[in-house]
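Q: Quick one: the structure is below, and I'll ask about it shortly.
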Amino acid sequence: MVSNARIPNPGWRLLWLFLCIMIQLQLVRAQTAVSTLFVPDTDTIVSFNLPPNSDDINFYVITPDWYQYTAIGFGTSMSDALMLVMYPSADHKGVTVSPRRATGNTEPVYSPATQLTLHETTINDNFDMIVNATCRGCQLFTKVGTAAPMLFAVGPGLDLSSDDPDARIRRHSAYGRFTLNLTRATGPGGIGNPTTTTTTTTPDAILSSDDGSLLKGGDAKAATAHGILYAIVALAVAPFDSLVAGALGARWAWVHGVTATVYFAFVLGAMVPGVLVSGEHVATQQFRTGHQVLGLLTVVALTVMFGWGIALSWIKRSAKKRGQEPPESTRLLGVVHRWVCRGIWVLLLVNVGVGLKLSEQRMVLILGYVALAVGVIAFLVPVYFCLWRISKKRKEKEEGLEMPTIYDHHGFN
Ligand SMILES: *[C@@H]1O[C@H](CO)[C@@H](O)[C@H](O)[C@H]1NC(C)=O
Ligand SMILES: *[C@@H]1O[C@H](CO)[C@@H](O)[C@H](O)[C@H]1NC(C)=O
């Protein structure tokens, strides 16, 4: 979701680039020891300066506030990088700069140990966040040289105004890796004031979706697959299985065996992308959110019920082979199986909704799902009721036709 709204075509973009560089470099190139990154797709300019005899990095950022955040990182990949995440402050007048570090390829976590000195942060009339700051000791995070590895990312087009450096952010919607000649940025401290000295130089690095150096990274495919698969399970597979179980008599029990196996496989398969996504986000790494706890409980319960069903049908079948009626206990086991499975279905329906909430889906989607779930329930409950009546009648009829047997006093059937 890289917004190109302000720069409709490459010609305009080039003109814009030229103008920007003319204006901005006047601003930041007062001292020559500056390296600049330019990201035309996101209207972002980042300049760096490395004061000599110091581990600090001075940086100056101009970036629009329409992304949830803009982040720059020092390092080759997110797993070993120090990220500086920038988003508007609570009053939307300044900018919160949150240093974050990741362990593995996951969402970076707020790193209070990193010291930042903010010289100036504002949001101007043009909706640009402007940050002039120094990152203390940050040269240690990058290979200072002629090709220092760096990262850039912007968040999705969501509002975030917060003073909390630990504010929750979503996965980036566009990102890129680049290298900067930091040797060139090493020189007298600071990124200078606007001066009359105009030096038109090209930026040291450009990230652009045109040449593929700025990549889209917003579509969390695993999370989408997880959600869609479970919606199918909750809205179709589970109710279908229980319809089959209720509608078909003992002779067709094997069909329920097939649908239950499909159902169980679906639930296990759909869990996999969910577990993978969980590891990527701070909020879900511990598997402690309601959605995850409920989900794991549901999977455990369904696993137990799957085994339970197999055992039950095995007991019934072997009794039949011996020409006996199944033991009386199977009746209770059957009732428990039925009701627990109905409970599991309800849990699945609810948990898909909870998951949509957890992944911060749009309200329209959540309400649409709720409407669909209520519709499915409203349709199926009368159907189940009819099935129940029919099977009750059938049993009564069978009982009436059957010769009294010695089992009758057990109240079986
Ligand atoms: C990096 O910058 C330095 C200083 O301006 C320059 O001498 C050197 O040639 C540059 N190296 C590359 C690879 O651009
Ligand atoms: C950034 O802040 C430093 C330190 O206060 C200051 O010297 C410098 O002029 C500022 N740069 C810009 C471009 O405003």
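Q: Please go through the range 186-219 and give me each residue that is among the polar types (S, T, N, Q), away from ligand 2 (no atom under 15 Å from the Cβ) and modelled with pLDDT under 80, ordered by number.
A: 200, 201, 202 - these are the residues of the range 186-219 that are among the polar types (S, T, N, Q), away from ligand 2 (no atom under 15 Å from the Cβ) and modelled with pLDDT under 80.
Q: Is it the case that some residue within the range 225-248 is surrounded by fewer than 16 Cβ atoms within 10 Å (Cβ to Cβ), assigned by TED's automatic domain parsing to the domain that holds residue 365 and not hydrophobic (A, V, I, L, M, F, W, C)?
A: no
Q: Against the definition (outside any helix (DSSP H, G or I), open to solvent by 50 Å² or more (accessible area, probe 1.4 Å), in contact (Cβ under 8 Å) with a residue 60 or more places away in the chain and over 30 Å from residue 250 (Cβ atoms)), how does residue 360 come out, yes or no?
A: Answer is yes for this residue.
Q: Next question, about the same structure. Could you list all residues from the range 139-185 that are crowded, with 19+ Cβ neighbours inside 10 Å and either over 24 Å from residue 106 (Cβ atoms) or within 16 Å of ligand 2 (Cβ to nearest atom) (or both)?
A: Result: 139, 180, 182, 185.
Q: Related question: Does any residue of the range 329-336 turn out to be in contact with a Leu (Cβ under 8 Å, 6 or more places away or on another chain), modelled with pLDDT of 85 or more and under 25 Å from residue 273 (Cβ atoms)?
A: Scanning the range 329-336, I find no residue that is in contact with a Leu (Cβ under 8 Å, 6 or more places away or on another chain), modelled with pLDDT of 85 or more and under 25 Å from residue 273 (Cβ atoms), so the answer is no.
Q: Now a separate question. If I go through the range 317-336 residue by residue, how many of them are open to solvent by 30 Å² or more (accessible area, probe 1.4 Å) and in contact with a helix residue (DSSP H, G or I) (Cβ under 6 Å, 6 or more places away or on another chain)?
A: 2
Q: Also: What are the residues in the range 217-260 that are touching a His at 6+ places or on another chain (Cβ under 8 Å), hydrophobic (A, V, I, L, M, F, W, C) and assigned to a helix (DSSP H, G or I), if any?
A: Hits for the range 217-260 are 244, 245.
Q: Restricting attention to the range 91-125, report how many residues are among the polar types (S, T, N, Q), in a strand (DSSP E or B) and either within 16 Å of ligand 2 (Cβ to nearest atom) or at pLDDT below 95 (or both).
A: The total comes to 3.
Q: Restricting attention to the range 72-125, report how many residues are surrounded by fewer than 13 Cβ atoms within 10 Å (Cβ to Cβ) and either in contact with a Pro (Cβ under 8 Å, 6 or more places away or on another chain) or aromatic (Phe, Trp, Tyr) (or both).
A: So the count comes out to 1.
Q: Shifting gears a bit: For the range 345-355, which positions are within 16 Å of the chain's Cα centre (by Cα) and open to solvent by 30 Å² or more (accessible area, probe 1.4 Å)?
A: 354
The values are calculated or read from the model by the stated rules, or taken from the named source; none is laboratory data. The structure displayed is predicted, hence computed values, not measured ones. We place every Cβ from the backbone using ideal geometry, glycine too, and count neighbours over all the protein chains shown. Accessible surface is based on the protein model in full, side chains and every heavy atom, while ligands, DNA and RNA are left aside. Shrake-Rupley method; radii C 1.70, N 1.55, O 1.52, S 1.80 Å.
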